[in-house]
C-alpha cells in the first residue's frame, strides 16, 4: 500500500470516527430532550413508551461504545 493511500485511509477513518461520535452525542441529546418533553406534556402511557425509547437509544449508544472499545 502506498503512503498516500494509507494517509487517505487514515483520514477517512478519522472522519468516520468523528462522525460516529457526533451521532452518538446527538442521540444522547435527543434522548435527554425526549425525557424532558414527555415528563412535562404526556399521559402516563405515553411517558412509559417514550422513556422506553430513550432507554433503547442510550443502550444503543452504550453498545456502540463497547464495540468501539473492543475494536480499539
Is it fair to say residue 19 is without any contact (Cβ under 8 Å) to a residue 12 or more places away in the chain and part of a helix (DSSP H, G or I)? yes
Counting only residues that are surrounded by 10 or more Cβ atoms within 10 Å (Cβ to Cβ) and without any contact (Cβ under 8 Å) to a residue 12 or more places away in the chain, which one in the range 57-72 is farthest from residue 21 (Cα to Cα)? 59
Restricting to the range 4-52, give me the number of residues that are surrounded by 10 or more Cβ atoms within 10 Å (Cβ to Cβ), over 26 Å from residue 65 (Cβ atoms) and modelled with pLDDT of 90 or more. 3
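Can you tell me how many residues within the range 29-45 are out of contact with any helix residue (DSSP H, G or I) (no Cβ under 6 Å at 6 or more places or on another chain) and assigned to a helix (DSSP H, G or I)? Spell out the reasoning first.
Here is the first cut: in the range 29-45, the residues out of contact with any helix residue (DSSP H, G or I) (no Cβ under 6 Å at 6 or more places or on another chain) are 29-30, 32-33, 36-37, 39-45.
Of the ones still in play, those that are also assigned to a helix (DSSP H, G or I) are 29-30, 32-33, 36-37, 39-41, 44-45.
Residues in the range 29-45 being out of contact with any helix residue (DSSP H, G or I) (no Cβ under 6 Å at 6 or more places or on another chain) and assigned to a helix (DSSP H, G or I): 11 in total.
The values are calculated or read from the model by the stated rules, or taken from the named source; none is laboratory data. This one's a predicted model, so the numbers in the text were calculated from it and none came from an experiment. Please note: Cβ atoms are built from the backbone with ideal geometry, for glycine as well, and neighbour counts cover all protein chains shown.
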